[in-house]
Amino acid sequence: MKIRTIYAKSMQAGLRMVKEQLGPDALILSSREFPSPGSGRRATGIEIVAALDGEPEPQPSLLGEASTTAGQESEAPGRRPFTEPEDFCTFSARSFMEKDHREEPIPEDRTRCKRLEEEAPNPQPIRPDSATDAPLASRVYQWLLSKEISSSLASRLLEEACATLPFVDRAETAVLQQAVAAAARKLVAAPPEAGEAPAKRIVFFVGPTGVGKTTSVAKLAARLALKLRRKTGLITLDGYRIGAVEQLRAFAGLMGVPFRFVQAASELRRAIEEYAHRDYILIDTVGHGPRNPGPLRELGRLLSECGEAEGHLVVSAATKPADIPEIIMRFDCCAPDHLLFTKLDETRNLGPILDELVRTGRPVRYYSDGQRVPEDFHVASRDRIVDLVLNLNKGAHGAKHEYQHCRPSKPPSRPGSGLHAPAHLC
């Protein structure tokens, strides 16, 4: 199956482009109006997602359009010829181009439906389990969009999934969804060395303010020191946020690991030398806004004193999708080679995570979905990330995120239930 996303000034121009690029048998998966830059919310163009099935044999199309042969053109006596029902979402480019829709009056019921659709406050995309006459590929495509996966990545996943499936297997929604998940796993980069522990001895965490860097450092330190029994040392560069030093010092005291607060490059080198006998050194940093390049460059120069290190850019999963690429670009001066997503429990759709992992090609070793230390800090993998984003295997990794809101926000403290810093430090 070939899938193309086409942008045009009008529907007629877009359909002509569909016919030129995919031929008259192409089918429209979706179409929507979009504003051009500088035009505010006023729609000035059309986005059309079209598909063409490449199967040579005249079988029923994946998109639901009946295929005809020369022998089927003559109808038996007494039978009415088959005609496709009119459909707003999916129609063939051939039938549209053969009719002059500019001269055809719009029926009153269509006008009323269009007005109701425009007045809807938050129109939701079509989901695969809803009662709809939309074809299978269109439903799966809309299902991907409902996860807040970008239209370009959704088209790519659907095209690669269809290329790996026999034509007969595409008739099942679940089969096509699993094929999409398999295609997504191939696009996500895996960490250089899989495992619970970092691949390098020195590990630093950078990111904007309020994304959970300090808590992530404490969670990883607890995993290394208490579960894996590795000698771990903590260093913080964050002297700006009120209570940051005291918070990490309290966690270090609970775990029984040494702690240092440094502000200059010479102090950082000295602290690393003091921890020479430690298996791992975890470094917390100051949070900076992505549009403040001066302090970010200074932080990058300071972290260069660490030598060979593993860097994690911490990003909240609740961040607006449009802001994540800029955050990643701005923090490149600190040379992080991993992404670490936090606060997965604070958003329902995780599609932007998959978009950024595919776009940047950077691996993700850990993710966090709560405040408990260290229970809510998890080792990531390709399968786990894709399951969380698409939520197909609810019995495995996706169920925890899907029903996260059912868990008490403050679990009762009991021996062995985890580490909890003093209340005034949290």
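So which of 2/200; 231/343; 147/213; 9/343; 9/320 end up more than 31 Å apart, counting from Cα to Cα?
Correct reply: 2/200; 9/343.
At a Förster radius of 60 Å, what calculated FRET efficiency corresponds to the Cβ-Cβ distance of residue 2 and residue 274, to the nearest 0.05?
0.50
Scattering from the C-alpha atoms of the range 177-231 alone, worked out with Debye: what is log10 I(q)/I(0) at q = 0.21 1/Å?
Listed by q, the Debye log ratios stand at -0.90.
Tell me, what is the FRET efficiency for residue 246 and residue 32 to the nearest 0.05, using R0 = 56 angstrom and their Cβ-Cβ distance as r? Mind showing how you got there, number by number?
Working: r = 51 Å, r/R0 = 0.91.
Using R0 = 56 Å, I get an efficiency of 0.65.
Against the globular-protein guess of 2.2 N^0.38 Å, express the Cα radius of gyration of the range 304-387 as a ratio, rounded to two decimals.
1.08
Can you list residues from other chains, or at least 5 along the same chain, whose modelled amide H is less than 5 Å from the amide H of residue 260?
Long-range HN contacts for residue 260: 234, 235, 236.
Please give the net charge around residue 13, taking every other residue with its beta carbon less than 12 angstrom from that of residue 13, where Lys and Arg add +1 and Asp and Glu add -1.
+2
Based on the Cβ-Cβ distance from residue 318 to residue 25, what FRET efficiency comes out when R0 is 45 Å, to the nearest 0.05?
0.55
Please state the Cα pair-distance histogram of the range 202-425 with 10 angstrom bins from zero: what percent is in each bin?
It works out to 8, 33, 37, 20, 3, 0, in whole percents.
Would you mind working out the magnitude of the charge dipole of the range 202-425 relative to its Cα centre, with +1 at each Lys and Arg C-beta and -1 at each Asp and Glu C-beta, to the nearest 20 Debye?
In total the dipole reaches around 540 debye.
Based on the mean of other Cβ atoms within 10 Å per residue, sort peptides 213-220, 368-375, 278-285 so the most packed one is first. List each step's numbers first, then the result.
Values: 213-220: 25.5, 368-375: 20.6, 278-285: 22.6.
Ranked from most to least packed, the peptides come out as 213-220, 278-285, 368-375.
Coordinate-derived values only; no laboratory data. Here the structure is a predicted model, which is why all the values come from computation and not from measurement. Cβ: placed from backbone, ideal geometry, glycine included. Neighbour counts: every protein chain shown.
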